[in-house]
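Have a look at the structure below before the remarks.
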Amino acid sequence: MDEIRPNSGAQAHGLVPLFPPGLQAIYGECRRLYPDQANPLQVTAIVKYWLGGPDPLDYISMYRNMGCPAQDVQEHWHYVSFGLSDLYGDNRVHEFTGADGHSGFGFELTFRLKREEGETAPPTWPAELMQGLARYVFQSENTFCSGDHVSWHSPLDNSESRIQHMLLTEDPQMHPIQTPFGTVSFLQIVGVCAEELQAAQQWNGQGILELMRGIRIAGGPWLITDMRRGETIFEIDPHLQQERVDQGIETEGSNLSGVSAKCVWDDLSRPPDDEEDSRSICIGSQPRRLSNKDTEQIRETLRKGLEFNSKTALPPISGQKQNHDRAQSRKDSLDSESSAAIVPHELVRTRQLESVHLKFNQESGTLLPLCLRGRLLHGRHFTYKSINGDTAITFVSTGVEGAFATEEHPYAAHGPWLQILLTEEFVEQMLGDLHELGSQDEAKLPKEYSWPEKKLKISILPDSVFDNPLQ
């Protein structure tokens, strides 16, 4: 359980010799911004995490920020976490590895909440929100970076608000700091509506954040969250979807590399009387190692999914520790450890297929145009990972090097993982044939698309087919 208490001015300013250096460094950055708030209100864990308590953040300080009239920034409450970085340097929470790298997870969380008229003290619910995100980071050892999105599926303050999800960005005022235990940056939580989250997933988080900075009631330059905001940025300015988001996907491509989905695939080239499962172990050529540059996103998708169809608040927790440096971690290849997450066999061979049938539910099917236009036409890949089993379907373009599907053999299976290589010409043809998917309603299902010359068939089926596969 948390308690609210004033901060000790002497301790906050490092006047006690034994005051933890990591904590002192963060207080120093806060003191730079708020020299007249030496004793801010704090939410603190009564039982610290390193003593067996449930909350990883030792403290969350809450400051009153007067905004910046010159930039049309409104007054707000500013929350700063203490605990994702190494505060103590004695291995009680984080392993101390020296001052040259990251301190702990390398970042702390911040949050800016609009101050309502008449409020004299900051609401404390953001502290529990920050503790929830911190628990995810500690349990999964997955770190956040600017532009990431968090699917929360619930009003952030447990009200009836439309603000039910989050994006992350650099705090506009707090600078990265160097502590005796490594560097610490400050990532700000930004509350968003479901439509804004979906746009960030389909285009990219940084693009949506930039649009929000241009709209005062949606956040403005400092991205201040207003829980009473009743309109999305696309309702405030209807031109943004087509002129900015759709155009951004068209010109820059989509950052959405995959989704958790309801999907299956069948090998139509297998004789009907062949009882062997088309997704079982098969004998063939050894799969080539996927390239470092293009396939880390496939690995991440297959390992934990991307939340588009999932109702969980955060990605499933994994025991695999991620490198703090996101750029470095994306240089990993799809090795045997990550492959085991989708193929529960020690030895799996790749098999080339002649003809395949792909089956998707309605929600997954509506993403096919995005997959083709926003990913493959930009030389990228896109993965559907089944939520009902180990099945995965990855579409790759000719620009993805090292895939085990090739132009000569465009359909290839590695256990339950199917890769489909599509040429740019075929992608353009498919886009023309699938244009109606975006407006399709379930009453018209099932819907089938077929390209006999390519030996490819796609069916869009009701959810009931995937929920009751034996019927």
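What follows draws every value from the coordinates through simple rules; no lab data is involved. Note that the structure is predicted; figures quoted are calculated from it, not measured. Note that each Cβ is placed from the backbone with ideal geometry, even for glycine, and that neighbours are counted across all protein chains shown.
Phi-derived couplings, Karplus 6.51 cos²θ - 1.76 cosθ + 1.60 at θ = phi - 60°, listed residue by residue for segment 46-63: 5, 10, 5, 4, 6, 10, x, x, x, 9, x, 7, 5, 9, 10, 8, 10, 10 Hz, with x used for Gly and Pro. Within segment 371-410, none of the trypsin sites (Lys or Arg not before Pro) combine a DSSP coil assignment with at most 13 other C-beta atoms in a 10 angstrom radius.
Shown is the FRET efficiency for D390 and L51, computed with R0 = 41 Å from the Cβ-Cβ distance and rounded to the nearest 0.05: 0.55. In a simple Cβ point-charge model (Lys, Arg +1; Asp, Glu -1; nothing else charged), segment 151-246 has a dipole of about 220 debye relative to its Cα centre. For C263, the residues whose modelled amide H falls within less than 5 Å of its own, excluding neighbours fewer than 5 places apart on the same chain, are I387, N388.
Placing unit charges on the Cβ atoms of the charged side chains and taking the dipole of segment 29-171 about its Cα centre, the candidate lying farthest along the positive direction among Q37, N91, H149 is Q37. Pairs of Lys residues in segment 356-471 that lie 8 or more places apart, or on two chains, and have C-alpha atoms under 14 angstrom apart add up to 4. For segment 158-218, just say rounded, prolate or oblate: build the C-alpha gyration tensor, square-root its eigenvalues into a ≥ b ≥ c, call rounded for a/c under 1.5, and beyond that prolate if a/b exceeds b/c, oblate if not. Cα axes put segment 158-218 in the prolate bin. For segment 347-449, the gyration tensor built on C-alpha atoms gives an oblate shape. Its axis ratio a/c (a ≥ b ≥ c) is at least 1.5, and a/b is not larger than b/c. The listed peptides 115-128, 93-106, 50-63, 194-207, ordered by packing as a protection proxy, come out as 194-207, 50-63, 93-106, 115-128 (highest mean of other Cβ atoms within 10 Å first). Counting 0.36 nm for each residue step from E210 to S154 and taking away their Cα separation leaves a gain of 17.8 nm. In terms of its C-alpha gyration tensor, segment 363-420 comes out oblate, because a/c is 1.5 or above while a/b does not outweigh b/c.
The mean sequence distance of close C-alpha pairs (under 8 Å, at least 6 residues apart), as a share of the length of segment 133-257, puts its relative contact order at 22 percent.
Can you list residues whose amide H is under 5 Å from D148's amide H, if they're 5+ apart or on another chain and H is modeled 1.01 Å from N? Result for D148 returns L168.
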